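A.B. asks: I have a structure here, written as structure tokens, and I will follow up with some questions on it.
The values are calculated or read from the model by the stated rules, or taken from the named source; none is laboratory data. Not measured: the values here are computed from a predicted model. Because the Cβ atoms are built from the backbone with ideal geometry, glycine has one as well, and the counts that use them run over all protein chains shown. When the accessible area is computed, the model is the full protein with side chains, heavy atoms only, and any ligands, DNA or RNA have been set aside. Shrake-Rupley method; radii C 1.70, N 1.55, O 1.52, S 1.80 Å.
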Amino acid sequence: MAIKKVVILHGLYMSGFVMLPLSKRITKLGFDTLNLSYQSLSPNTATIFQQIDSFIDGESTAFVCHSMGGLIARAYLEANSQHAASVKKVITLGTPHKGATLAKHMKDKGFDLFLKNSVEFLLSENHDWPFSAKLYSIAGDLPLGLMPLIKKNSESDGTVLLDETKLKGMAEHKVFHLSHTSLIYSRKVMDYIESILSSQKQNTAIDFK
């Protein structure tokens, strides 16, 4: 079934404003979009999920999420509401699906105050993607950020390790030579997202051991 609607979720310390360029392009493609802002440090999942349910309203839907937004999308699917069954594709940009090493480092160093309730999502240790919705994980490998200082000789987008973006059972994993935030604004990334939203093909899940 063709995608009709797209839910857009931003990441930590951000708001829907940073996702506006991406949201506008998706809207121009003919999709009905919900660019949802939420308190990333203290996400009220009941309110977020209710807003998403009301927007989906039984229509075939995709998610496009940056960073922690992808973990919010996962929590929505885990809640398994009636409308969650209408989610066909989840596209994530720089999402630490396996848990964020940077967040763990901050917590270990006593900087919990700067993370608040976001740790519930950022410190999750997921190993697979068990949902019927197809996961397309986009990652960056331009290490502009704190990660090279925390974990030397690692592959990352500067904030999220490349390995953290991979999950057993995802449909596709695509790497761009971009940093964590620039994934949102890249034309190449947007072209790739467009191809996913427009494609009706059923991708074979990738099995990462």
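A.B. asks: Listed residues Ser15, Ser60; which is open to solvent by 10 Å² or more (accessible area, probe 1.4 Å), modelled with pLDDT of 95 or more and of a type in the set (Gly, Ala, Ser)? Quick ask: steps written out before the conclusion?
C.D. replies: Details: Ser60 fails: open to solvent by 10 Å² or more (accessible area, probe 1.4 Å).
Testing whether each residue is open to solvent by 10 Å² or more (accessible area, probe 1.4 Å), modelled with pLDDT of 95 or more and of a type in the set (Gly, Ala, Ser) leaves just Ser15.
A.B. asks: Which is of a type in the set (Gly, Ala, Ser) and at pLDDT below 95, of Ser156, Ser124?
C.D. replies: Numbers: Ser156 fails: at pLDDT below 95.
When all the criteria are applied, what remains is Ser124.
A.B. asks: State all residues of segment 18-28 that are open to solvent by 40 Å² or more (accessible area, probe 1.4 Å), in contact with a strand residue (DSSP E or B) (Cβ under 9 Å, 6 or more places away or on another chain) and of a type outside the set (Val, Ile, Thr); if no residue qualifies, say none.
C.D. replies: Taking segment 18-28 first, the residues open to solvent by 40 Å² or more (accessible area, probe 1.4 Å) are 20-21, 24-25, 27-28.
Now restrict to residues that are in contact with a strand residue (DSSP E or B) (Cβ under 9 Å, 6 or more places away or on another chain): 20, 24, 27.
Correct list: Leu20, Lys24.
A.B. asks: Sticking with this structure for a sec: For the subset of segment 35-51 comprising residues that are without any contact (Cβ under 8 Å) to a residue 60 or more places away in the chain and more than 12 Å from Ser15 (Cα to Cα), which member is least open to solvent (accessible area, probe 1.4 Å)? Lay out the reasoning, then the answer.
C.D. replies: From segment 35-51, those without any contact (Cβ under 8 Å) to a residue 60 or more places away in the chain are 35-39, 44-51; that's our starting set.
Of the ones still in play, those that are also more than 12 Å from Ser15 (Cα to Cα) are 44-51.
Values: Asn44: 85, Thr45: 43, Ala46: 71, Thr47: 64, Ile48: 5, Phe49: 32, Gln50: 123, Gln51: 85 Å².
Ranking the candidates gives Ile48 first.
A.B. asks: Of the conditions (1) modelled with pLDDT of 95 or more; (2) within 30 Å of Thr27 (Cβ to Cβ); (3) buried (at least 21 other Cβ atoms within 10 Å of the Cβ); (4) not aliphatic (A, V, I, L, M), Ser118 clears all except one; give me its number.
C.D. replies: So the condition that Ser118 fails would be (1).
A.B. asks: Determine whether Val90 is outside any helix (DSSP H, G or I), open to solvent by less than 10 Å² (accessible area, probe 1.4 Å) and within 17 Å of Cys65 (Cα to Cα).
C.D. replies: Yes.
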